[in-house]
Every structure is written in C-alpha cells, then in structure tokens.
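Taking it in order: structure first as structure tokens, then the write-up.
The values are calculated or read from the model by the stated rules, or taken from the named source; none is laboratory data. None of the values given here were measured: they were computed from a predicted structure. Cβ atoms come from the backbone with ideal geometry, glycine included; neighbour counts cover every protein chain shown. Heads up: the accessible areas ignore ligands, DNA and RNA and are worked out on the full protein's heavy atoms, side chains in. Shrake-Rupley method; radii C 1.70, N 1.55, O 1.52, S 1.80 Å.
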Amino acid sequence: MAAYLKKGKSEAEIQEADSKVQEAVENIIQDVENRGDRAIIELSDKFDKWTPDSFLLAENEVEDIVSTVPDSVIEDIKFAQSQIRNFAEHQREAIQDMEVETRPGVILGHKNIPVNSVGCYIPGGRYPMVASSHMSIVTAKVAGVKRVIACTPPSQGEIPAATVAAMHLAGADEIYILGGVQAMTAIGIGTESIAPVDMIVGPGNPFVAEAKRQLFGRVGIDLLAGPTETLVIADDTADIQMVATDILGQAEHGPTSPGALITTSRELAETLEEEISRQLESLSTAEVAGAAWQDNGSIILVNNLEEAVTEADKLAYEHVEVLTKNPDYFLDNLTNYGALFLGPETNVAYGDKVIGTNHTLPTKKAARYTGGLWVGKFLKNCTYQKVTEAASVEIGQYAERLCELEGFAGHKEQASLRVRRYS
C-alpha cells in the first residue's frame with residue numbers, strides 16, 4: 001500500500017484560497033463588463049502601473065520593438081517555433097474530414113472547421129513566458145484560425161520585447177500589452193476598443209485561470225491551466241540529483257506549484273528532501289521553489305510499478321516525468337496525465353520551451369477528462385447529413401415511431417411530412 005512520507009496542502013486549504021480568488025475575479029469581470037475601456041485602463045494602472053495611449057501595438061511599434069531584440073534571441077525563437085509548428089502540422093494532417101454512406105441513400109459526414117477568432121494570453125509577471133507565444137499563436141494559425149490576437153502584461157513597466165517578437169513571428173494579428181483578469185475579460189467579452197474573440201487560450205496565474213473559468217460559456221476556452229504541477233516517477237535506477245533538479249525546475253513557477261515523487265525506492269524517498277535542501281542553497285529562484293516544495297511537495301513510497309500507476313492516475317498531474325528502468329511501461333499503462341516525459345534524456349523544460357509538444361496542459365485533475373492545448377482544440381468537429389427521397393421515407397418511418405414513443409408530436413410531424421411527401 002502506498003505511503004505518504006511528505007504531503008502538501010489539504011484540499012480544504014486549497015479550496016479556501018480558491019474562494020478568495022473567485023470573489024476577486026468576479027468583481028473585476030463585472031467592472032470591465034460595466035465600464036469597458038475605462039475599467040481596463042484603471043485596472044492596468046492599479047496592477048501593472050501601465051497606462052499607455054493604446055494597449056494595442058501599432059504595426060510600426062511592433063517592428064521597432066522587434067528590432068531591439070538580439071539576432072541570437074530571434075534565431076532561438078524561430079527554432080522553437082519551427083518545432084512547435086512542425087508537430088502541430090503533423091497533428092493537423094491526422095485530423096480528417098469524413099463522409100460515409102451508412103445506408104443506401106443516407107450520407108453522413110463531419111467537417112473540422114477552425115474557430116474564427118482566438119485570444120491568446122501570454123503570461124508575464126514573475127517571468128516573461130516567451131514560449132507561450134509559440135504554443136498558442138503558432139498552433140492556432142496551423143489550425144487555420146483567421147484572427148489571432150495576443151495579450152501580455154508589461155514587465156516592470158516596460159514592454160517585454162522578446163515576448164512581442166515571439167508573438168509577431170508566431171503570426172499574431174493584433175498584439176496588446178495588457179495583462180491579468182482585465183485582459184482576459186476584455187478579449188473575451190469585448191470593450192469599446194477591443195473586438196471580442198470566440199475563444200480564449202493560454203496559461204496564467206490562479207487569477208487568470210479563474211477568469212477563464214468564469215468566462216467559459218460566454219466565450220470558449222482551451223482548458224483550465226495552472227498552477228504548474230510536476231510528478232516524477234522513479235525507481236532505484238534514478239539519479240537523485242536529477243529527481244530533485246526536475247522537481248525544483250518546475251516548482252520555481254510559483255509558490256503554489258505542486259511537485260511530487262512516486263518511487264519504489266525507500267532510499268530515494270528518504271533522502272530526497274535532503275537533496276532538495278542542498279540544491280536550494282544555490283538556486284537563484286530558491287525563495288519561490290522552496291516555498292512551493294515546502295507547502296505543496298509530496299513524497300509517495302509504493303511497493304511496485306502497478307501501485308505507482310494507480311497513485312499517479314489519482315494525482316492526474318500536468319507533467320509526469322518517468323525515471324525508471326523501463327519508462328515505456330508507464331506509456332502503456334498511465335491514463336491520467338497532461339504530458340509524459342520518458343527517460344532521463346528528456347525533461348519538462350524541453351516540453352515547456354522548445355521540443356514541439358504543447359506546454360499548455362491540464363491541471364487540478366483535469367487530466368482525467370482532457371488533454372492539453374493542441375491544434376484540434378481550435379477546430380470544431382461539425383456533422384452534416386444528406387438523404388435521398390427513398391432513404392428519407394425509410395428513416396422517417398422509424399423516426400415517426402420513436403418520436404411518438406417520447407411524446408414529441410412536432411418532431412413526429414417533421415418525419416411524417418417527408419414520409420407522405422416522398423412515398
């Protein structure tokens with residue numbers, strides 16, 4: 001039976017914190033809804049000390065900003081975007097329209113239609129998340145979205161040049177320097193100066209994630225992403241330095257980011273905290289990563305790999321890194337995860353920044369029912385039907401009886417009209 005040697009915050013503690021976030025977000029959404037541009041100007045000043053003449057960057061402003069970014073950075077961004085674009089293109093090719101004659105004269109099919117407009121949120125705040133530009137904008141463009149707009153907050157009162165460059169190179173049609181809940185609300189429901197989109201996507205802090213949750217229905221969303229979660233599954237072949245490094249490497253996202261180890265090795269389980277403490281002494285982001293591990297870290301000792309699968313599926317974490325003798329065992333058996341990183345040669349940072357898979361992934365157990373952001377999220381699978389007269393009579397007779405069974409007289413008449421017309 002699995003045993004917790006260390007456990008993070010309880011569900012009750014997490015829910016208490018979430019309720020405070022919910023109330024704050026609800027107030028901001030109502031403010032933007034009621035006062036539009038005036039509200040986002042005041043909110044941007046309050047939270048980011050940012051009140052430009054326009055949140056939208058003009059084309060010449062974008063060009064000027066991109067020109068300040070070193071060539072080496074531009075090349076790195078282009079390399080990363082080529083990897084994300086390549087994988088997304090392969091995914092798009094795997095999604096096919098379909099038409100089939102299911103009975104003589106009954107033609108059914110589906111089309112995969114891109115969403116018309118998408119708003120991509122690129123987090124800033126503690127870190128300028130340049131890579132999120134690739135993950136959302138590039139993927140949306142590969143899917144065929146006509147209008148892709150992007151928002152990112154200012155960084156300490158300045159425009160984050162590298163992020164703007166990434167947005168531009170990814171193909172954003174409009175770029176706004178605007179962050180937080182006010183940005184999500186403005187692009188989601190619109191203001192006097194910002195035309196609303198059909199769907200909002202991208203990761204963010206707990207307030208941004210809650211804004212997406214509250215706006216869902218009025219606008220589509222990709223998924224609720226955040227805070228970052230990382231699970232390492234390890235056996236006695238794993239390198240403890242690597243285990244600690246890979247947990248702390250994601251814990252630095254924020255003090256609420258959970259990190260966990262599931263292991264069959266008692267030695268690894270009992271020495272991990274010491275190794276994490278050692279690494280925190282020299283890690284420049286130790287204040288954040290250390291708080292995340294202290295408050296949200298877990299160590300779970302299991303008896304065998306089967307039990308490791310059971311416990312990992314219960315957690316349903318965003319990132320699952322497998323450092324075992326046979327990583328493919330978990331590829332074959334795990335069912336609840338955002339993304340898998342198999343073997344010591346890869347790691348979550350590759351997925352976050354450059355390798356090609358998407359880094360916007362399900363958190364808070366959402367991996368039980370959804371995968372992460374991908375080209376298919378921007379496509380609507382829409383069905384259609386075409387029927388000959390003879391087939392309409394055949395199908396109509398079944399429909400008449402089934403509609404009558406349920407008491408739907410109007411439905412029945414739709415079928416009966418055609419049965420009479422085409423008999």
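Looking at the range 305-317, is at least one residue open to solvent by less than 30 Å² (accessible area, probe 1.4 Å), free of Cβ contacts under 8 Å to residues at least 60 places away in the same chain and assigned to a loop (DSSP other than H, G, I, E, B)?
So far as the range 305-317 goes, yes, one or more of its residues are open to solvent by less than 30 Å² (accessible area, probe 1.4 Å), free of Cβ contacts under 8 Å to residues at least 60 places away in the same chain and assigned to a loop (DSSP other than H, G, I, E, B).
Condition first: open to solvent by 50 Å² or more (accessible area, probe 1.4 Å) and without any contact (Cβ under 8 Å) to a residue 40 or more places away in the chain. Now tell me which residues in the range 205-227 satisfy that.
The answer is ARG213, PHE216, GLY217, ARG218.
Consider VAL66 against the criteria (1) over 24 Å from ASN205 (Cβ atoms); (2) in a loop (DSSP other than H, G, I, E, B); (3) open to solvent by less than 70 Å² (accessible area, probe 1.4 Å): it satisfies all of them except one. Which criterion is unmet?
(2)
Which residue out of ALA289, ALA260 is hydrophobic (A, V, I, L, M, F, W, C), more than 30 Å from PHE378 (Cβ to Cβ) and outside any helix (DSSP H, G or I)?
Of ALA289, ALA260, the one residue that is hydrophobic (A, V, I, L, M, F, W, C), more than 30 Å from PHE378 (Cβ to Cβ) and outside any helix (DSSP H, G or I) is ALA260.
Give, as residue ranges, the helices (runs of 4 or more DSSP H) completely inside the range 328-423 that count at least 1 residues that are open to solvent by 80 Å² or more (accessible area, probe 1.4 Å) and farther than 21 Å from ALA131 by Cα.
Hits in the range 328-423: 328-333, 389-406, 409-422.
Would you check which residues across the range 103-116 are open to solvent by less than 10 Å² (accessible area, probe 1.4 Å) and either under 22 Å from GLY190 (Cβ atoms) or basic (Lys, Arg) (or both) and list them?
Once the filter is applied, which keeps residues that are open to solvent by less than 10 Å² (accessible area, probe 1.4 Å) and either under 22 Å from GLY190 (Cβ atoms) or basic (Lys, Arg) (or both), the range 103-116 yields nothing.
In the range 165-239, which strands (runs of 3 or more DSSP E) lie fully inside it and hold 1 or more residues that are within 30 Å of ALA308 (Cβ to Cβ)?
Of the strands (runs of 3 or more DSSP E) lying wholly inside the range 165-239, those with at least 1 residues that are within 30 Å of ALA308 (Cβ to Cβ) span 230-234.
Can you find a residue in the range 132-144 that is over 30 Å from THR388 (Cβ atoms), modelled with pLDDT under 95 and in contact with a helix residue (DSSP H, G or I) (Cβ under 7 Å, 6 or more places away or on another chain)?
No, the range 132-144 contains no residue that is over 30 Å from THR388 (Cβ atoms), modelled with pLDDT under 95 and in contact with a helix residue (DSSP H, G or I) (Cβ under 7 Å, 6 or more places away or on another chain).
Can you tell me which residue within the range 156-204, out of those that are out of contact with any helix residue (DSSP H, G or I) (no Cβ under 8 Å at 6 or more places or on another chain) and over 16 Å from ASP64 (Cβ atoms), is surrounded by the fewest Cβ atoms within 10 Å (Cβ to Cβ)?
So, considering only residues that are out of contact with any helix residue (DSSP H, G or I) (no Cβ under 8 Å at 6 or more places or on another chain) and over 16 Å from ASP64 (Cβ atoms), the one surrounded by the fewest Cβ atoms within 10 Å (Cβ to Cβ) is GLN156.
For LEU248, work out the one condition from (1) open to solvent by 10 Å² or more (accessible area, probe 1.4 Å); (2) in contact with a helix residue (DSSP H, G or I) (Cβ under 9 Å, 6 or more places away or on another chain) it doesn't fulfil.
Result: LEU248 passes all but (1).
Could you grab me the full set of residues in the range 287-298 that are in contact (Cβ under 8 Å) with a residue 12 or more places away in the chain and either more than 21 Å from ALA269 (Cβ to Cβ) or in contact with a Phe, Trp or Tyr (Cβ under 7 Å, 6 or more places away or on another chain) (or both)?
Of everything in the range 287-298, those that are in contact (Cβ under 8 Å) with a residue 12 or more places away in the chain and either more than 21 Å from ALA269 (Cβ to Cβ) or in contact with a Phe, Trp or Tyr (Cβ under 7 Å, 6 or more places away or on another chain) (or both) turn out to be VAL288, ALA291, SER298.
State all residues of the range 81-102 that are open to solvent by 60 Å² or more (accessible area, probe 1.4 Å) and either at pLDDT below 95 or among the polar types (S, T, N, Q) (or both); if no residue qualifies, say none.
Within the range 81-102, ASN86, GLN96, THR102 meet the criteria.
Being of a type in the set (A, V, I, L, M, F, W, C) and surrounded by fewer than 16 Cβ atoms within 10 Å (Cβ to Cβ) is the filter here; which residues of the range 5-55 pass it?
LEU5, ALA12, ILE14, ALA17, ALA24
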